[in-house]
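Visitor: Attaching a single structure in structure tokens format; questions to follow.
The values are calculated or read from the model by the stated rules, or taken from the named source; none is laboratory data. Just so you know, these numbers come straight off a predicted model, no measurement behind them. Backbone-built Cβ (ideal geometry, glycine too); neighbour counts: all protein chains shown.
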Amino acid sequence: MDKIVIRGGRPLSGRLHVSGAKNACLALMPAAILTEEPLTLTNAPGLSDIRTMTALLESLGCEVAALQGGRVLAIGAERITSVRADYEIVRRMRASVLVLGPLLARTGRAEVSLPGGCAIGARPVDLHLMGLERLGAELDLREGYIHARAPRGLRGAVIEFPLVSVGATENVMMAAVLARGTTVLRNAAREPEIVDLAACLNAMGARISGAGSREIVIEGVAGLHGATHRVVADRIELGTYMLAPAIAGGRVELIGGGRALVAAFTDKLEEAGMCVEETAEGLAVSRPDGARPRPLHVVTEPFPGFPTDLQAQMMALLTLADGQSVLEERIFENRFMHAPELARMGARIDIHGGVARVTGVEALRGAPVMATDLRASVSLILAGLAAEGETVVSRVYHLDRGYERVEEKLSGIGAAIERIRG
């Protein structure tokens, strides 16, 4: 099993290119099911989750070609040969459930295994199912599968989500583009990935307005056509690498980033004393020489609030703050599993339910640590950049689901980091 070794204490300097968004791409790929014509996605990230979605689409009869080193995905769904998303694939990645809406809209049938993915909480699919039922789907859950039918096709409806859900918004939006009549999604997710999916669907001939607001209106159309679409920059990767110079010191320019993608996070980074500058190509982040981060109160919220997917990474920074910080996790339970590993490096963290109190220390010490989920794994790498001595992070297969070439990108800006194949 691979490990990543970091020797901390080196300030960072240079330019780092931000990849296309994993979470956006994982919703865009199933959108190809909605048309017989090819969908081409550029700026795709080269990640294991993308390969899992590729395998899932191919199992349904789609043809997927990875071009230009995987940066371009050409997806053809001329013939759907199966409507069954099998457990052996779906269990590896929660986003697999996003084939449900497109399959139902295109073929009137779908059998999708209940999803797996990260161990950071229950994350049920109730809202996906509620939305599809409102569109006229007949659903039956048995033997671990969602059996969905729409024998008379889908029809538009007004759907109000009781809770904000990115995945449910995406799934229902994709189903609704081919439904008869108009669908209104209220309390919809507002994330940039939603806006990106709507832009792609509109390029394919859909009629969607309001994406990025709490109300999205979809006027159903008879069919979609092919298109070429560029995947939006990954705001979570952007935020993660903005923290690298904040933790290790130095100045790094993030190419392809934009403040609008991470506004709430950027506000907190500046509140902690970091300097964030907009540049012609992205954002530059630096830490004032000799200054420790200021303590923060961070509350995770749906977009445009502070992202839950950056909470673990921000905690790594706050272990070095000059005072006590408070992090409230309001999106997922079980999302402080990285805290005991940071404590192995000398961090002082006290957790009660969904609240973590972090008392900053002057320095962290390198140690052998274990990744427990995707974002936890990169938080340990960030901590290792600042720690005295050597940090060894094991179980980094989590990391490869969401960050491509992390050791190459960080070493390119001066970090002493390498992957040990095992």
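Visitor: Taking the criterion of being out of contact with any strand residue (DSSP E or B) (no Cβ under 6 Å at 6 or more places or on another chain) and of a type in the set (Lys, Arg), would at least one residue in region 153-172 satisfy it?
Guide: Looking for residues that are out of contact with any strand residue (DSSP E or B) (no Cβ under 6 Å at 6 or more places or on another chain) and of a type in the set (Lys, Arg), one finds none in region 153-172, hence no.
Visitor: Sticking with this structure for a sec: Can you tell me which residue among ASP322, ASP309, ASP267 is out of contact with any Cys (no Cβ under 7 Å at 6 or more places or on another chain) and without any contact (Cβ under 8 Å) to a residue 24 or more places away in the chain?
Guide: The conditions single out ASP267.
Visitor: Let me ask you something else. Whether any residue in region 55-63 is in contact with a Leu (Cβ under 6 Å, 6 or more places away or on another chain) and at pLDDT 95 or above is what I want to check.
Guide: no
Yes or no, residue by residue, for (1) in contact with an Asp or Glu (Cβ under 7 Å, 6 or more places away or on another chain); (2) closer than 24 Å to THR308 by Cα; (3) modelled with pLDDT under 95:
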site: GLY354; (1), (2), (3): yes, yes, yes
site: SER379; (1), (2), (3): no, yes, no
site: LEU385; (1), (2), (3): no, yes, no
site: GLU388; (1), (2), (3): no, no, no
site: THR391; (1), (2), (3): no, no, no
site: ASP400; (1), (2), (3): no, yes, yes
site: TYR403; (1), (2), (3): yes, yes, yes
site: ILE413; (1), (2), (3): no, no, no
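Visitor: Return the pair list, or none, for Cβ contacts closer than 6 Å from residues in region 179-190 that are in contact (Cβ under 8 Å) with a residue 60 or more places away in the chain to residues that are in a strand (DSSP E or B) and crowded, with 16+ Cβ neighbours inside 10 Å, at least 6 apart or on different chains.
Guide: Sorted first by the residue in region 179-190, then by its partner, the pairs are ALA179/ARG155.
Quick grid of which residues meet (1) in the same structural domain as ARG401 (by TED's automatic domain parsing); (2) more than 14 Å from GLN313 (Cβ to Cβ); (3) without any contact (Cβ under 8 Å) to a residue 40 or more places away in the chain; (4) part of a strand (DSSP E or B):
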residue: PHE332; (1), (2), (3), (4): yes, yes, no, no
residue: LEU342; (1), (2), (3), (4): yes, no, no, no
residue: ARG357; (1), (2), (3), (4): yes, yes, yes, yes
residue: GLU362; (1), (2), (3), (4): yes, yes, no, no
residue: VAL369; (1), (2), (3), (4): yes, yes, yes, yes
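Visitor: Scan region 2-23 for residues that are of a type outside the set (Asp, Glu) and under 24 Å from the mean Cα position of the chain (by Cα) and report the count.
Guide: Result for region 2-23: 11.
Visitor: Further, regarding this structure: Among the residues of region 319-339, write down those that are closer than 26 Å to ALA291 by Cα and either among the hydrophobic types (A, V, I, L, M, F, W, C) or at pLDDT below 95 (or both).
Guide: Selection gives LEU320, ALA321, VAL326, LEU327, HIS338, ALA339.
Let's see how each residue does on (1) in the same structural domain as ALA110 (by TED's automatic domain parsing); (2) modelled with pLDDT under 95; (3) of a type outside the set (Ser, Thr, Tyr):
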{"position": "ARG152", "(1), (2), (3)": "yes, yes, yes"}
{"position": "VAL164", "(1), (2), (3)": "yes, yes, yes"}
{"position": "THR169", "(1), (2), (3)": "yes, no, no"}
{"position": "ALA175", "(1), (2), (3)": "yes, no, yes"}
{"position": "LEU178", "(1), (2), (3)": "yes, no, yes"}
{"position": "THR182", "(1), (2), (3)": "yes, no, no"}
{"position": "ALA188", "(1), (2), (3)": "yes, no, yes"}
{"position": "PRO192", "(1), (2), (3)": "yes, no, yes"}
{"position": "VAL195", "(1), (2), (3)": "yes, no, yes"}
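Visitor: Give me a count of the residues in region 66-89 that are among the acidic types (Asp, Glu) and either in the same structural domain as VAL396 (by TED's automatic domain parsing) or in a helix (DSSP H, G or I) (or both).
Guide: Residues in region 66-89 being among the acidic types (Asp, Glu) and either in the same structural domain as VAL396 (by TED's automatic domain parsing) or in a helix (DSSP H, G or I) (or both): 1 in total.
Visitor: Name every residue in region 277-297 that is surrounded by 23 or more Cβ atoms within 10 Å (Cβ to Cβ) and either within 22 Å of ARG190 (Cβ to Cβ) or of a type in the set (D, E, K, R) (or both), in order of residue number.
Guide: If the condition is that a residue be surrounded by 23 or more Cβ atoms within 10 Å (Cβ to Cβ) and either within 22 Å of ARG190 (Cβ to Cβ) or of a type in the set (D, E, K, R) (or both), then LEU283, ARG287 are the ones that fit.
Visitor: Condition first: assigned to a helix (DSSP H, G or I) and either surrounded by fewer than 23 Cβ atoms within 10 Å (Cβ to Cβ) or in contact with a Pro (Cβ under 8 Å, 6 or more places away or on another chain) (or both). Now tell me which residues in region 44-65 satisfy that.
Guide: SER48, ASP49, ARG51, THR52, MET53, THR54, ALA55, LEU57, GLU58, SER59 - these are the residues of region 44-65 that are assigned to a helix (DSSP H, G or I) and either surrounded by fewer than 23 Cβ atoms within 10 Å (Cβ to Cβ) or in contact with a Pro (Cβ under 8 Å, 6 or more places away or on another chain) (or both).
Visitor: Answer yes or no as to whether LEU380 is of a type outside the set (Gly, Ala, Ser), over 20 Å from PRO245 (Cβ atoms) and in contact with a His (Cβ under 8 Å, 6 or more places away or on another chain).
Guide: no
Visitor: Of the conditions (1) surrounded by 22 or more Cβ atoms within 10 Å (Cβ to Cβ); (2) outside any loop (DSSP other than H, G, I, E, B), VAL396 satisfies every one except a single condition; which number is it?
Guide: (2)
Visitor: Quick check: is even one residue across region 96-118 of a type in the set (S, T, N, Q), at pLDDT 95 or above and within 16 Å of ASN171 (Cβ to Cβ)?
Guide: Yes, there is a match, as at least one residue in region 96-118 is of a type in the set (S, T, N, Q), at pLDDT 95 or above and within 16 Å of ASN171 (Cβ to Cβ).
Visitor: Restricting to region 126-147, what's the tally of residues that are closer than 23 Å to ALA206 by Cα, of a type in the set (A, V, I, L, M, F, W, C) and not in a helix (DSSP H, G or I)?
Guide: Number of matching residues: 2.
Visitor: Of the residues LEU28, LEU41, which single one is touching a helix residue (DSSP H, G or I) at 6+ places or on another chain (Cβ under 9 Å), closer than 16 Å to LEU197 by Cβ and not in a helix (DSSP H, G or I)?
Guide: LEU41
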